[in-house]
Every structure is written in structure tokens, then in C-alpha cells.
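Below is one structure, written out as C-alpha cells, with a few remarks after it.
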Amino acid sequence: MKFTDSHEWILLSDDGHGVVGITRHAQSELGNVVYIELPAVGREVKIGEEIAVLESTKAAADIYSPVSGVITEINQALATASESINHSPESDGWLYKIRLTNFAERDILLSREEYMRLTNS
């Protein structure tokens, strides 16, 4: 699992695909997420591009793509059960899956240790 300084994570596979979500730190800062706007399947995105919106009882937050690629799947369960992002943001609460188009971008992502230092966790 790799991380961004804007609090997204990506679990990369060897075949050039990734699963993306928000970190536990981001979820705790947001509070109870009550609405999620996910990207469309087939959408092509660039690294750092706004891709989703989360609304919580505290605030709204833009979510940015950690890599460039094409959206291949969204977590349909979040449409009816957004609570999984509140209880399990780094597993069941994943947001979308992406097929990477620029493999070199993986090298600029943060390790868990680097992310933990960033957030003082």
C-alpha cells in the first residue's frame, strides 16, 4: 500500500492496477462520511486530479487521484452503505479501482512509514 500527502492510499498490483481509498487519518479528520460522489467507470484521470467528493457531518473534501489511469470499477456498496468508509477506510471502504497509464508515478508515492511521519501518527 502506498500513500499521498493528500491522504489517499493505493494498493498496487503487479499487473498495473490499483485500488484507491482514503486513509484512516483522513476519515478521522472528516468525521462521519454521509455522502460520496464517485467517478464514472471509463474516466481517464491524471495524477493529482480531483476524482471524488466526500461529505461528512464536519466538512466536504475533494479526493485526488494518486496516479494517472483509467477508472475500471467503483465501490457500488458505498452508494447504499457509506458507513463502510467510516469503519474501514483502508479496506472495505475503498473508493475505486484504476488501471495505471504511467507506471513511473508509483515511485513518487509515500510508504506507510513516510506517511505516518507526515501525519505524526
- [ ] Within the stretch 14-42, track down each residue that is over 16 Å from GLN76 (Cβ atoms) and either without any contact (Cβ under 8 Å) to a residue 40 or more places away in the chain or of a type in the set (Gly, Ala, Ser) (or both).
- [x] ASP14, ASP15, GLY16, GLY18, ALA26, SER28, GLU29, LEU30, GLY31
Task: Qualifying positions in the stretch 13-24 - open to solvent by 50 Å² or more (accessible area, probe 1.4 Å) and modelled with pLDDT of 95 or more - done: HIS17
Open item on the list: Going residue by residue through the stretch 49-64, is there one that turns out to be surrounded by 15 or more Cβ atoms within 10 Å (Cβ to Cβ) and outside any strand (DSSP E or B)?
Closed with: no
TODO: From (1) touching a residue at least 24 places away in the same chain (Cβ under 8 Å); (2) out of contact with any helix residue (DSSP H, G or I) (no Cβ under 6 Å at 6 or more places or on another chain), pick out the condition that doesn't hold for LYS46.
DONE: (1)
Task: Positions within the stretch 1-32 being small (Gly, Ala, Ser) and within 11 Å of the chain's Cα centre (by Cα), in sequence order - done: SER6, GLY18, GLY21, ALA26
Task: Of residues in the stretch 75-112 being open to solvent by 30 Å² or more (accessible area, probe 1.4 Å) and within 11 Å of the chain's Cα centre (by Cα), the one modelled with the lowest pLDDT - done: SER91
Task: Checklist (1) of a type outside the set (Phe, Trp, Tyr); (2) at pLDDT 95 or above; (3) under 11 Å from the mean Cα position of the chain (by Cα) applied to GLY69, failing item - done: (3)
TODO: Mind telling me which of the residues SER65, SER84 ends up being within 16 Å of THR23 (Cα to Cα) and touching a residue at least 40 places away in the same chain (Cβ under 8 Å)?
DONE: SER65
Open item on the list: Of everything in the stretch 72-113, what is touching an Asp or Glu at 6+ places or on another chain (Cβ under 8 Å) and farther than 18 Å from ARG24 by Cα? Give them in sequence order.
Closed with: ALA77, LYS97, THR101
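The values are calculated or read from the model by the stated rules, or taken from the named source; none is laboratory data. This structure is a prediction, so every number in the text was calculated from the model and none was measured. For neighbour counting, all protein chains shown are included, and Cβ atoms are generated from backbone atoms with ideal geometry for every residue, glycine included. Note: accessible area is taken over every heavy atom of the protein model, side chains too, but ligands, DNA and RNA are not part of it. Shrake-Rupley method; radii C 1.70, N 1.55, O 1.52, S 1.80 Å.
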